[in-house]
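One structure below.
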Amino acid sequence: MDDESFQPTHLDLLAGIRPLVENFTNSTDELCFENLPEFGIGERKTIEALAPIVFGGAAHLGAAHAFAHMDPPTPWITWITTLWNASLNQNLLHPDVSPKATMFENQVIQWLAPFYNMSGGHMTPGSTISNLTALWVARDTARIDRIVTSMDSHLSIQKAANILGLKLLKVTTNLKGEIDVNEIPQDLSTSALVLTAGTTASGAIDDLRVKKEAAWLHIDAAWAGPLRLSENFTNILDGIENADSVSISGHKWFFQPKESGLILFKEVCTANKTISASSGYLTTRNVGILGSHGAIALPLMATLIAWGKSGLIERLERSMNRSIQLWENLNEHSEIIVFNKPTTGVILWRLNTHDQTKELFSLLPTGSASFIEYKNQFWIRNVAANPSVDVEVLWENIDRALIKFKK
Ligand SMILES: Cc1ncc(COP(=O)(O)O)c(C=O)c1O
């Protein structure tokens, strides 16, 4: 018997993708199924019931004012290829259920690794797993017993230290949020030095050229890594070519749907030996932390084919330019203190009477900014993840909110 749940008609598929192009107003609807339904209502009715909740209740990351987090809107080619992935459900664990998907991943890695002078790597669900994978390799090939990193490095480094049973030394940061190079210990012979290219809080880039003889150098380029592809910004990542491993989040500045990340290694063959396992049920060795995993390279490969390198760079540079534009507006305002001129599209700012910054933040449209505590102060944070942001719209909102605080 044909099971229609596995064989949609064209009309079913159209019903499924229609919500992607409809305008749902903000929804406060809740799911009305308190208990697991005993009997299903069927796919079409489920789509009708869920679409207003899913789309109407979502944060719109591509909205004109959206400039809050490191989460970009995604190009529509990734929606379609993700749908293809869901329907095909390939598993990179077994070549026979991923005859082409493995090739896509190899292709993407082969395109991107040379920009960082890395020889290869694999895809992960994000930089948390990429960082853990890199430090696992560091522990077992370079015999490190300690991670040295800045106090502004991402919490995933702390997690990796905990999971891997490594000591963690957090070095202070300077006024720009970069690792304080003079505070890095001299003896790193049993340490992995983890530098950040684009810190989560302020977007700072550590000095990646720091000449320290670490047993392993890992660069967490989760956020700023893609800037390496732009001739105009490549220099800010100089030094990354000396790393033993590099993490990049695909779902940040490669504009990918979650979960998408890359871990790249200088010596991928040695690294892969360390993080591979075999088992009777596998025909090839399983590399990395994940067991079953899908073809997340496909949307990235499709994006890079659709846009080309120049299309990606144009969107990155546009995002960077918009952050500079916003920074100029903020910088000229007498009521505002700006932490930094954005080096990687992250801006922190506050009222000069900073105890009112939270109140100001509450007057801004949801999704236009984030609110953080950094260096013992509260800041409003804007992140240039949305290349379609309209800085004039954003600024109108900020300017209107500021009226209340004018002296
Ligand atoms: C610098 C840095 N490293 C690592 C991560 C973790 O990346 P992911 O969210 O892809 O796991 C983040 C996330 O914001 C980050 O900013």
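Numerical summary
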| read-out | value |
| --- | --- |
| In the range 129-144, the residues that are surrounded by fewer than 18 Cβ atoms within 10 Å (Cβ to Cβ), touching a helix residue (DSSP H, G or I) at 6+ places or on another chain (Cβ under 8 Å) and not in a helix (DSSP H, G or I) | none |
| Any hit, the range 57-74, residues being part of a helix (DSSP H, G or I) and either in contact (Cβ under 8 Å) with a residue 24 or more places away in the chain or in contact with a Lys or Arg (Cβ under 8 Å, 6 or more places away or on another chain) (or both) | no |
| Residue match in the range 338-350 (condition: buried (at least 16 other Cβ atoms within 10 Å of the Cβ), under 19 Å from Arg228 (Cβ atoms) and of a type in the set (Ser, Thr, Tyr)) | yes |
| Members of the range 138-160 found to be among the aliphatic types (A, V, I, L, M) and either more than 26 Å from His251 (Cα to Cα) or away from the ligand (no atom under 14 Å from the Cβ) (or both), listed by number | Ala138, Ala142, Ile144, Val148 |
| Qualifying residue in the range 48-68 (condition: crowded, with 18+ Cβ neighbours inside 10 Å, in contact with a strand residue (DSSP E or B) (Cβ under 8 Å, 6 or more places away or on another chain) and farther than 21 Å from Ile275 by Cβ) | yes |
| Residue check, Phe104 crowded, with 22+ Cβ neighbours inside 10 Å, modelled with pLDDT of 95 or more and aromatic (Phe, Trp, Tyr) | yes |
| Residue, nearest to Asp244 (Cα to Cα), within the range 258-271, restricted to residues that are within 11 Å of the ligand (Cβ to nearest atom) and small (Gly, Ala, Ser) | Gly261 |
| Residue match in the range 25-32 (condition: loosely packed, with under 11 Cβ neighbours inside 10 Å, in contact with a Leu (Cβ under 9 Å, 6 or more places away or on another chain) and of a type outside the set (S, T, N, Q)) | yes |
| The range 243-257, subset within 8 Å of the ligand (Cβ to nearest atom) and either over 8 Å from the mean Cα position of the chain (by Cα) or not in a loop (DSSP other than H, G, I, E, B) (or both), residue nearest to Asn386 (Cα to Cα) | Ser249 |
| Extreme residue, nearest to Lys170 (Cα to Cα), among residues of the range 185-199 that are surrounded by fewer than 24 Cβ atoms within 10 Å (Cβ to Cβ) and in contact with a strand residue (DSSP E or B) (Cβ under 9 Å, 6 or more places away or on another chain) | Pro185 |
| Residue match in the range 193-206 (condition: closer than 28 Å to Leu298 by Cβ, touching a Ser or Thr at 6+ places or on another chain (Cβ under 6 Å) and part of a loop (DSSP other than H, G, I, E, B)) | yes |
| Helices (runs of 4 or more DSSP H) (entirely within the range 264-369) containing at least 3 residues that are under 27 Å from Thr133 (Cα atoms) | 268-274, 297-331 |
| Among the residues listed as Ser278, Ser292, Ser310, the single one being over 22 Å from the mean Cα position of the chain (by Cα) and more than 16 Å from the ligand (Cβ to nearest atom) | Ser278 |
| Test set (1) touching a strand residue (DSSP E or B) at 6+ places or on another chain (Cβ under 9 Å); (2) surrounded by 13 or more Cβ atoms within 10 Å (Cβ to Cβ); (3) within 30 Å of Gly308 (Cβ to Cβ) - Leu83 fails condition number | (1) |
| Pick from the range 49-77, criterion under 19 Å from Ile17 (Cα atoms) and touching a helix residue (DSSP H, G or I) at 6+ places or on another chain (Cβ under 6 Å), ranking: farthest from the ligand (Cβ to nearest atom) | Ala51 |
| Search result, residues across the range 127-137 that are near the ligand (Cβ under 7 Å from one of its atoms) and either closer than 18 Å to Asn91 by Cα or β-branched (Val, Ile, Thr) (or both) | Thr128, Ile129 |
| Test: residue in the range 79-88 that is under 22 Å from Thr303 (Cβ atoms) and part of a loop (DSSP other than H, G, I, E, B) | no |
| Residues (aliphatic (A, V, I, L, M), out of contact with any helix residue (DSSP H, G or I) (no Cβ under 7 Å at 6 or more places or on another chain) and within 16 Å of the ligand (Cβ to nearest atom)) located in the range 184-223 | Leu193, Leu195, Ala201, Ala204 |
| Filter result for Arg18 (touching a helix residue (DSSP H, G or I) at 6+ places or on another chain (Cβ under 6 Å) and either acidic (Asp, Glu) or at pLDDT 90 or above (or both)) | no |
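The values are calculated or read from the model by the stated rules, or taken from the named source; none is laboratory data. This is a predicted model, so every value here is computed, not measured. With ideal geometry, Cβ positions are generated from the backbone for all residues, glycine too; neighbour counts draw on all protein chains shown.
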